[in-house]
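Q: To start, I am sharing the structure in question, which I have written as structure tokens.
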Amino acid sequence: QVQLQESGGGLVQAGGSLTLSCKASGRTASRDIMAWFRQAPGKEREFVAAIRWTIVYTRYADSVKGRFTISRDNAKNTIYLQMNSLKPEDTAVYYCAAGPVVATTSGVYDYWGQGTQVTVSS
């Protein structure tokens, strides 16, 4: 089992920045891939970014490329999502996920956090 706990959400103005954190605990070695997804009201959950614990690898959705940065601190079992130049359309609940392979589809990931709300005002 892997437990994930997000933090860092909040309200920010358009153009602002916010950093999300996700701390993993439990059998973290069983899941090399960590990812951020988001879900806006009335929309499907969508992939934002992914990273691997064991090698240098990151992947981003086109909608956030150049604005968001995913990173990790292996010593703290924590991943981060630095979000810059935020737009109102970035408003969503952001979820941290862990899975066995890199994928942009949520069904591949089998461990999820409870989510943290990010609201970007115009």
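Q: Once you place label points 7 Å from the Cα toward the Cβ at S121 and Q82, how far apart are they in nm?
A: 2.6
Q: Around G115, with a cut-off of 12 angstrom between Cβ atoms, what is the net charge of the other residues, counting Lys and Arg +1 and Asp and Glu -1?
A: Combined, the nearby Lys, Arg, Asp and Glu give +1.
Q: Simple spin-label model, 7 Å along Cα-to-Cβ: A103 to K43 in nm?
A: Result: 2.2 nm between the two label points.
Q: What whole-number value in Å² describes the accessible area per residue of the range 50-110 for a 1.4 Å probe?
A: Ligands and nucleic acids excluded, the figure is 49 Å² per residue.
Q: When you count, for each residue, the other Cβ atoms within 10 Å and take the mean per peptide, how do 32-42, 74-84, 88-98 rank with the highest first?
A: Output ranking for 32-42, 74-84, 88-98: 88-98, 32-42, 74-84.
Q: Using 0.36 nm per residue of separation minus the Cα-Cα distance, give me the extension gain between T69 and D110 in nm, one decimal. Working shown, then result.
A: Working: separation 41, 0.36 × 41 = 14.76 nm, distance 2.28 nm.
The span from T69 to D110 would gain 12.5 nm if fully extended.
Q: Going 7 Å from the Cα of I55 toward and past its Cβ, which residues in the range 75-114 have a backbone nitrogen under 12 Å from where you end up?
A: In the range 75-114, the label zone of I55 (backbone N under 12 Å from the point 7 Å along Cα→Cβ) covers 102.
Q: Using a 1.4 angstrom probe on the protein heavy atoms only, line up Y111, Y57 by accessible area, largest first. Each step should come with its number before you reach the end.
A: Numbers: Y111 45, Y57 75 Å².
Ranking Y111, Y57 by accessible area, largest first, yields Y57, Y111.
Q: For the range 4-101, which whole percent of the accessible surface, found with a 1.4 angstrom probe, sits on carbon and sulfur atoms? List each step's numbers first, then the result.
A: On the way: 2380 of 4850 Å².
Carbon and sulfur together cover 49 percent of it.
The values are calculated or read from the model by the stated rules, or taken from the named source; none is laboratory data. Keep in mind the model is a prediction, meaning the values are calculated, not measured. We place every Cβ from the backbone using ideal geometry, glycine too, and count neighbours over all the protein chains shown. Surface accessibility is based on the protein's heavy atoms, side chains included, excluding ligands, DNA and RNA. Shrake-Rupley method; radii C 1.70, N 1.55, O 1.52, S 1.80 Å.
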